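Novice: Structure in structure tokens, see below.
The values are calculated or read from the model by the stated rules, or taken from the named source; none is laboratory data. All values reported here derive from a predicted model rather than from experimental measurement. Don't worry about glycine lacking a Cβ; one is built from the backbone with ideal geometry, like all the others, and counts go over all protein chains shown.
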Amino acid sequence: YDRLADKEGIHTRLRDYFAAVPEPERVESLDDLAPTIELYHHTVRAGRYDEAYQLFYARLNTPLYYRFGAYATFVELQSALFADGDFEGPLLEDEAKIARLLNDSANCYSLSGQPVRAVPLFEGYIAISRKRGDKTNEAIGLGNLASMAQIHIGALAAADGNLRRSIALCQKIGDEFQEAVGHQELGRLLAYTGAFEEAGRELETALGFEVWRRNEQGVGVNWAYRALRALLMGRVEDLSPPPPPAAAPPPLSHVGEGRGPGGGGRGTSPLPAARRTREYYEKNKEETGVPVERDLICAEWLLGAAHRARGELAQAETRLAEALRRCRRINLVELEPDILLELARLRYAQMVSGSRFQVSGSGEEQPETSKHETMKRKMDEALSLAKEALDIADRCGYRLVQADVHLVLAQLALSEVEGLAFEAGDLPEAHRHAETARERAWCDGPPHRYEAAFLEAERLLEQIEAA
């Protein structure tokens with residue numbers, strides 16, 4: 001290839017060839033996009049950069065990002081519009097187009113487990129937008145930097161500041177849609193920090209905007225954050241003494257449809273909100289014709305977590321297995337460790353309860369003689385799943401997930417099954433994991449620490465030291 005004399009001319013002819021290939025009537029798989037991707041490659045190499053940009057957003061952006069979650073392919077194609085292939089030296093002259101490329105590829109980096117690589121791209125997007133006096137895109141960039149990168153890596157104080165700046169900018173320019181996004185993401189952050197009432201108000205505020213209520217996909221995400229809030233609230237409540245009988249749960253009017261037994265806390269059950277998340281995925285799919293696979297995976301994960309918190313282990317198994325299958329199919333690294341972690345919690349619950357639930361779904365009763373073998377297997381599976389989640393979290397720098405995984409590993413190190421310790425009763429190992437969980441959950445310190453994990457780590461350390 002390097003010895004070719006007229007590379008640009010060759011690519012121009014190949015570009016003309018692929019331009020004549022008819023677009024598929026229906027795009028069912030990545031293979032259906034192959035001719036368009038070839039057309040894009042040759043358009044770039046023919047030096048027709050603006051044309052390549054228009055082609056990407058007309059025919060590749062939506063299926064790659066929303067339909068198939070092909071984030072690595074997305075980044076690879078967009079990076080070709082930069083001289084060094086790593087988002088330095090833009091080949092386009094229009095700064096607005098350059099900014100869009102940086103933002104969109106940063107989102108893909110985050111979704112594929114590379115939030116640290118996403119940060120400088122988001123910062124570049126913000127800087128260009130600020131230079132151009134484009135407050136709308138500056139606000140979007142601040143929100144994306146916080147929600148897609150900083151929360152994942154535990155930079156909670158910076159995320160809080162950026163989300164509030166984004167909201168203030170939107171209020172200044174009257175952009176209600178992006179303001180709703182900011183309130184929604186701030187609600188998620190506040191749930192992690194344990195400010196549950198304020199989180200509820202922020203989520204309510206987002207749905208107070210009519211323009212946001214018309215956005216089925218965004219409303220579904222709002223319900224997902226409500227489910228997450230309820231799960232985190234349940235963890236904190238399980239560590240607290242019961243309230244007086246007259247006490248009311250923290251208010252969140254759209255969620256309060258029931259409470260769940262089985263480790264779900266005394267407050268609002270996460271299950272109704274998780275179900276609404278799934279319903280809004282279907283509504284958005286029907287309305288737009290574009291199924292957002294990430295939203296479906298998130299809904300299945302939250303449904304599994306909600307069922308597990310209620311002690312409904314068979315339902316949890318089904319939901320989490322589906323979430324993991326779909327997650328791995330599109331390499332959605334962002335959610336994979338959360339799903340693995342929830343499966344580890346499920347195996348622990350099955351072990352502790354002496355559950356006879358079979359992964360195969362056969363429903364056959366086990367003889368009593370195999371009970372201990374089954375429970376030993378559950379312990380081994382829980383350890384394996386937790387360690388797999390930790391490997392991903394360590395590789396990606398997911399600080400909040402690291403805290404949760406170390407908590408599970410500490411609990412497993414302390415566990416015994418009817419007096420038979422299976423790699424259990426290891427107090428030094430449990431103490432090490434609990435200390436690490438507390439350090440990871442600290443983040444930027446109060447009020448910007450991962451509250452549920454921090455309090456659980458404190459409780460575990462008290463138990464270990466008492467032992």
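Novice: Just the residues that are touching a residue at least 24 places away in the same chain (Cβ under 8 Å) and crowded, with 21+ Cβ neighbours inside 10 Å, please, taken from segment 45-58.
Specialist: Scanning segment 45-58 gives A52, Y53.
Novice: Based on this model, can you work out whether N61 counts as buried (at least 17 other Cβ atoms within 10 Å of the Cβ) and under 30 Å from E286 (Cβ atoms)?
Specialist: The answer is no for N61.
Novice: Moving on. Of the conditions (1) modelled with pLDDT under 80; (2) under 23 Å from Q463 (Cβ atoms), S370 fails just one. Which one is it?
Specialist: With respect to (1) modelled with pLDDT under 80; (2) under 23 Å from Q463 (Cβ atoms), S370 is out only on (2).
Novice: Would you be able to say whether some residue in segment 304-320 is surrounded by 24 or more Cβ atoms within 10 Å (Cβ to Cβ), of a type in the set (S, T, Y) and either touching a residue at least 40 places away in the same chain (Cβ under 8 Å) or not assigned by TED's automatic domain parsing to the domain that holds Y65 (or both)?
Specialist: No: zero hits.
Novice: What number of residues within segment 21-59 are outside any helix (DSSP H, G or I) and either over 31 Å from the mean Cα position of the chain (by Cα) or at pLDDT 95 or above (or both)? Give the derivation first.
Specialist: Pass one, segment 21-59, residues outside any helix (DSSP H, G or I): 21-29, 46-48.
Checking which are either over 31 Å from the mean Cα position of the chain (by Cα) or at pLDDT 95 or above (or both) leaves us with 21-25, 46-48.
Selection size over segment 21-59: 8.
Novice: Residue check: is L190 at pLDDT 95 or above, within 29 Å of R440 (Cβ to Cβ) and either in contact with a Phe, Trp or Tyr (Cβ under 8 Å, 6 or more places away or on another chain) or not charged (D, E, K, R) (or both)?
Specialist: Answer is yes for this residue.
Novice: Taking L30, is it surrounded by fewer than 17 Cβ atoms within 10 Å (Cβ to Cβ), touching a Leu at 6+ places or on another chain (Cβ under 9 Å) and either within 30 Å of L335 (Cα to Cα) or of a type in the set (D, E, K, R) (or both)?
Specialist: Spelling it out, L30 is indeed surrounded by fewer than 17 Cβ atoms within 10 Å (Cβ to Cβ), touching a Leu at 6+ places or on another chain (Cβ under 9 Å) and either within 30 Å of L335 (Cα to Cα) or of a type in the set (D, E, K, R) (or both).
Novice: Let me ask something else. Return the residue satisfying two criteria in turn: it lies in segment 218-264 and is of a type in the set (G, A, S) and at pLDDT 95 or above, and of such residues it is nearest to the chain's Cα centre (by Cα).
Specialist: A224
Novice: Any chance segment 339-353 includes a residue that's over 16 Å from the mean Cα position of the chain (by Cα) and farther than 18 Å from A386 by Cα?
Specialist: Yes - at least one qualifying residue is present in segment 339-353.
Novice: Quick check on segment 130-159: of everything there that is surrounded by fewer than 24 Cβ atoms within 10 Å (Cβ to Cβ) and of a type in the set (G, A, S), which residue is farthest from P63 (Cα to Cα)?
Specialist: That would be A157.
Novice: Could I ask something else about it? Given the conditions (1) surrounded by 15 or more Cβ atoms within 10 Å (Cβ to Cβ); (2) over 21 Å from A191 (Cα atoms); (3) at pLDDT below 95, which single one is not true for G267?
Specialist: (2)
Novice: Which one is nearest to G154 (Cα to Cα) among residues in segment 68-123 that are small (G, A, S) and outside any helix (DSSP H, G or I)?
Specialist: Taking the candidates together, the pick is G113.
Novice: Here's a follow-up. Give the residues of segment 432-467 that are hydrophobic (A, V, I, L, M, F, W, C), modelled with pLDDT of 95 or more and farther than 21 Å from D394 by Cβ, sorted by residue number.
Specialist: Across segment 432-467, the qualifying residues are L455, L461.
Novice: Are any residues in segment 439-453 under 22 Å from R229 (Cβ atoms) and surrounded by fewer than 24 Cβ atoms within 10 Å (Cβ to Cβ), and if so, which ones?
Specialist: Hits for segment 439-453 are W442, D444, G445, P446, P447, H448, R449, E451.
Novice: Quick one: E429 ticks every box in (1) modelled with pLDDT under 95; (2) part of a helix (DSSP H, G or I); (3) loosely packed, with under 15 Cβ neighbours inside 10 Å except a single one, so which number is it?
Specialist: Among (1) modelled with pLDDT under 95; (2) part of a helix (DSSP H, G or I); (3) loosely packed, with under 15 Cβ neighbours inside 10 Å, E429 violates only (3).
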